[in-house]
1. Let me have the relative contact order for the chain, percent, based on Cα pairs under 8 Å that are six or more residues apart.
2. How many nm is it between the label spots at residue 103 and residue 16, if each spot is 7 Å from the Cα in line with the beta carbon?
3. About the Cα centre of the chain, how large is the charge dipole given +1 on each Lys and Arg Cβ and -1 on each Asp and Glu Cβ? Please answer in debye to the nearest 20.
4. Taking trypsin sites (Lys or Arg not before Pro) as candidate sites, keep only those in a DSSP loop with at most 16 other Cβ atoms within 10 Å, then name the longest stretch of the chain containing none of them.
5. Once both labels are modelled 7 Å past Cα along the beta-carbon direction, what's the residue 46-residue 154 spacing in nm?
6. Could you check the simple spin-label distance between residue 224 and residue 131, using points 7 Å along Cα→Cβ, in nm with one decimal?
7. Quick one: divide the alpha-carbon radius of gyration of the chain by 2.2 N^0.38 Å and tell me what you get.
8. Just to confirm my numbers, what's the Cα centroid distance between segment 89-120 and segment 135-198 in Å?
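Every number here is computed from the coordinates shown, using simple stated rules; none is lab data. If you're wondering where the values come from, they're calculated on a predicted model, not measured in any experiment. Here the Cβ positions follow ideal geometry from the backbone for every residue, glycine too, while neighbour counts run over all protein chains shown.
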Amino acid sequence: MITLYSGLVVQKPLVEQIIPAFERETGARIDATFEPTTVLLERIAAGERPDLVLGVSSSVADLARGGVLDPDRVAEIAVSSVGYARLDGGPRPADDSATAFLDYLLSARAVAYTLSGASGVHFMKVLRERDLLERLDERAVRCESGLTVEALLDGRADVAVQQVSELRSVAGPQIVEPIPHELQSYGRFAVGARPGAGDDAARFVTLLTEKSTQDAFAAFGLSRP
């Protein structure tokens with residue numbers, strides 16, 4: 001059994017395509033846990049040691065420097081942008097500018113964003129720098145973890161903000177677009193294997209860099225590193 005701790009950014013392609021194909025090909029089994037990178041890091045800091053960690057590149061690099069992961073078995077696998085989701089026929093930004101997007105958020109009934117993921121940290125920073133965070137939080141759906149698009153689909157929010165791939169990972173009628181470039185943050189993601197994790201874990205790291213996997217990631221809005 002290979003244990004994998006992974007961020008949410010690649011959950012759907014991993015669960016639906018990549019892990020099943022790997023298990024069929026190798027006979028190895030993967031036990032995957034999906035949480036925001038910050039949550040996974042807390043579990044690792046508490047002493048947990050999965051065979052594989054997939055998350056924000058800088059955090060994976062820190063784990064390699066600290067000996068939790070093998071530096072020779074670390075690879076960057078994807079780049080993601082922050083996006084927003086809305087329902088077709090509902091309000092939308094007046095144009096593609098940052099000002100129009102921020103006005104759109106402030107006029108929404110409620111905006112859902114995550115408190116623990118990289119996209120949420122960036123989103124709060126953007127709003128805080130413009131003295132808008134407290135205003136938006138008066139009506140926000142603040143998600144401790146999980147997928148913010150669920151709050152859009154169940155009616156709690158009019159807008160959901162998260163990584164584009166995460167917003168697309170739940171089936172539904174939502175329209176997903178990147179936030180304006182001026183407000184954007186492009187997240188880099190990597191995977192690494194712990195020392196002694198075994199050949200199958202190393203093989204999975206390699207698989208995530210191959211064309212078939214990159215094509216699966218691209219279908220969810222991720223690009224090559």
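1. Numbers: 436 pairs, mean separation 70.9, N = 225.
So the answer I get is 32 percent.
2. The modelled label-to-label distance comes out at 3.6 nm.
3. Numbers: 23 positive and 32 negative charges, 13 e Å.
Dipole magnitude for the chain comes out near 60 debye.
4. Values: sites that count: 29, 109, 130, 139, 156.
Answer - 30-108.
5. Result: 2.3 nm between the two label points.
6. 4.6
7. Details: Rg = 17.9 Å, N = 225, 2.2 N^0.38 = 17.2 Å.
Scaled against compact globular proteins, the figure is 1.04.
8. Each part's Cα centre sits 12 Å from the other's.
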